[in-house]
Structure formats: C-alpha cells, structure tokens
Amino acid sequence: MTLHEIPLQRSTLHGHFSRDLEPVLTIDSGDTIAFSCLDAGWHVEPGRTFEPRDKELDAGHALVGPVEVRGARAGQTLEVAIDRVVPGSWGWCAAGAWSSPLNERLGLVEDGVHLRWALDVERGVGTDDSGREVDLAPFLGVLGMPPAQPGVHSTGPPRTSGGNIDCKELISGTRLLLPIAVDGARFSAGDCHARQGDGEVSQLAIECPLARAELTLTVRDAPGLETPIAWTPVAWLTLGFDEDLDEAAATAIEAMLELMGREHGIERADALALASLVVDLRVTQVVNDTKGVHAVLPHDAIRFTS
C-alpha cells in the first residue's frame, strides 16, 4: 500500500463531474490518498473565495481529483475506506433568506441567519458566534465518481456512483462501496461538514474547509451493486436516491434486502419481515432535488442461534 499526497492547488481542484476530466493522479488498488480541500463554496478563508475559477466548470462544490485507480473497470465496485477526516478551524451555516419550497412553507424566504463557527478539533467541539456549542462529527459530503454519460455533470445531486451523498454516518472508520460507472473509476471528494443532522434541513451543514482526509481506494469484483452501501462500526447502510422520497426509500429497502441475503443468507420475503423489525429508515438529505434515504441495519440486530 502506498500513501499519495495530493497538493491543494488549481490543477487538483474542480467543480463538476465528467468522465472526460483528466486524472490528477493514478494509483493502484489498495493505495491511500491524502489531501486537504476548500469548503464547498471555494472559500480560502471567511469572506474570500479561491481564484481563478471557471464560471461553468467550477460552479459546483470544490472537489479534489479525479483520481484514477489502475485497472478499475465499469461494473466493478470501489471501496472507499474513510481512514481520517479532519476539519479546518472555522466553519459556517445559514438558514432562510432564499427561495426554496421549505423556506416558503416556513415563511423564511426574506428572513434568515448566518452563523459563524470556531472549530476546536482537539476537543471535538464547535462554538458559534452566540456562544452555543455542538459536538463535531466531521465527514465528507461529496464522495464519488462521474456517471457513464459524457458531458459536464453537476456536483449537486447524489448519483448511483456517488457524489453529494451528504450522509452523516460516513465518518472516520467507515467503508463506502460505490458502483463504478467508468473505467479507471475517476474518484473525487470534498465538501467537508463539521456537523450535520439527518435531512440537512436548512440545506447546509457546518460547512468548513478540510484540513486533511485520508481515504484508501480498493477495487472489488463483488458485491455487484446498483446503489451505494456502507459498512460502519455499528451498522450496515444502504442508500437510495431519487427526486421522489418514496422511491428513494424503496431503493434503499431493496438494497437492504439484497444485503441481508448476501451477508446472512436470508431469503427476500423473510428479509423484508425482519427488516420491518430491525432496520431503520433515515432521511439522508432533502435539499439536492435528488433526495436521499438510508436504511440502517445494526450489526447486532439479528442473533442467529442455530
């Protein structure tokens, strides 16, 4: 295994997904990449954004990559082991003051708030400018690869091959498994969140720069996947994405039934009966037009006595 350091510079940053983007690095399966990144809005520091930027190609989240994995082929699975995520020393969040269906429902199109956060990484605590504290639980909102279709694709929605997943469970110590859509994988990451609740209801987490991430990328032939799944120290997750929340939930449930069959040898109908007892559905996020739902199966939820 080799550790590759990716510098934070114009040539390693991009703000869209595309299979045509040239890789900034080519690694072997099982290698680790280490990098830092700007916040999602390309801020170098509060109030100052990175320049130069392309108005169209850098319109999305600031991402580092893409990284090519030697020998990866479309149809295989990329395992992303999230070894370390360290946020920067500052962050921000906001609510209201822009038009969205939820803000209109809540009467917050005109009124809003912007909170600045000081992040104490050693203590694992964030403090806003009113003196309120929250515990930090940093993760990367965007982890993914381009779709197979040519052209420029927004970083905004989550897709089958990853992207803006915004799942707060994907902290250090977890493994995310993504279906590979293009040869070479072409993996990118960014959008550090110091803390987020399920749903990300204001459309923002504590958005912050990434001081350092370490991710180990491994190509697997199995399992063959139709949607991302993840292993955490406490549970398996299956993720579903769709413009319709019901369809996103159905995708997550179907993937969970397949996982229960694969991991525990449980037949489909039996798995659904058990899932109704021990699997929790959580709304990952509702803010990216393409909504997310993740199904959660704790590792100790089912005990096999024979």
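The values are calculated or read from the model by the stated rules, or taken from the named source; none is laboratory data. All values derive from a computational prediction rather than experimental measurement. With ideal geometry, Cβ positions are generated from the backbone for all residues, glycine too; neighbour counts draw on all protein chains shown. Heads up: the accessible areas ignore ligands, DNA and RNA and are worked out on the full protein's heavy atoms, side chains in. Shrake-Rupley method; radii C 1.70, N 1.55, O 1.52, S 1.80 Å.
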Go through segment 222-246 and report how many residues are more than 15 Å from the chain's Cα centre (by Cα) and in contact (Cβ under 8 Å) with a residue 24 or more places away in the chain.
13
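Let's see how each residue does on (1) in contact with a His (Cβ under 7 Å, 6 or more places away or on another chain); (2) farther than 30 Å from residue 179 by Cβ:
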site	(1), (2)
102	no, yes
118	no, yes
122	no, yes
127	no, yes
131	no, yes
137	no, no
141	yes, no
156	no, no
Which one of these is hydrophobic (A, V, I, L, M, F, W, C), more than 28 Å from residue 193 (Cβ to Cβ) and either open to solvent by 20 Å² or more (accessible area, probe 1.4 Å) or in contact with a strand residue (DSSP E or B) (Cβ under 9 Å, 6 or more places away or on another chain) (or both): 253, 302?
302
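Name the residues in segment 93-104 that are within 16 Å of residue 197 (Cβ to Cβ) and either free of Cβ contacts under 8 Å to residues at least 12 places away in the same chain or open to solvent by 50 Å² or more (accessible area, probe 1.4 Å) (or both), would you? Working first, answer last.
Taking segment 93-104 first, the residues within 16 Å of residue 197 (Cβ to Cβ) are 93-95, 102.
Hit for segment 93-104 is 102, nothing else.
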Log entry, pairs with first residue in segment 134-150 being small (Gly, Ala, Ser), second being not in a loop (DSSP other than H, G, I, E, B), beta carbons closer than 7 Å, six or more apart or on different chains, reads 141/164; 141/191; 141/193; 144/159; 144/162; 144/163; 144/178; 144/188
When you scan segment 203-218, do you find a residue that is at pLDDT below 95 and surrounded by fewer than 24 Cβ atoms within 10 Å (Cβ to Cβ), even just one?
yes
Tell me which residues, restricted to segment 65-74, are of a type outside the set (Lys, Arg) and open to solvent by 10 Å² or more (accessible area, probe 1.4 Å).
68, 71, 74
Considering only residues that are more than 15 Å from residue 69 (Cβ to Cβ), touching a His at 6+ places or on another chain (Cβ under 8 Å) and surrounded by 17 or more Cβ atoms within 10 Å (Cβ to Cβ), which ones fall in segment 16-49?
16, 17, 18, 40
Checking residue 107 against (1) surrounded by fewer than 16 Cβ atoms within 10 Å (Cβ to Cβ); (2) under 19 Å from the mean Cα position of the chain (by Cα), only one condition comes out false. Which one?
(2)
For segment 258-296, how many residues meet the condition of being within 30 Å of residue 101 (Cβ to Cβ), of a type in the set (D, E, K, R) and out of contact with any Phe, Trp or Tyr (no Cβ under 8 Å at 6 or more places or on another chain)?
3
Positions within segment 259-289 being at pLDDT 95 or above, surrounded by fewer than 19 Cβ atoms within 10 Å (Cβ to Cβ) and within 22 Å of the chain's Cα centre (by Cα), in sequence order:
280, 281, 282, 283
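To keep it simple, each residue is scored yes or no on (1) closer than 23 Å to residue 252 by Cα; (2) polar (S, T, N, Q).
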site: 102; (1), (2): no, no
site: 107; (1), (2): no, no
site: 110; (1), (2): no, no
site: 120; (1), (2): no, no
site: 129; (1), (2): no, no
site: 140; (1), (2): yes, no
site: 150; (1), (2): no, no
site: 160; (1), (2): yes, yes
In the set 77, 127, which member is open to solvent by less than 70 Å² (accessible area, probe 1.4 Å), in contact (Cβ under 8 Å) with a residue 60 or more places away in the chain and among the hydroxyl-bearing types (Ser, Thr, Tyr)?
77
Checked pairs for segment 187-199, first aliphatic (A, V, I, L, M), second not in a strand (DSSP E or B), C-beta under 6 Å and 6 or more apart or across chains, list as 194/136; 194/138; 194/206; 194/208
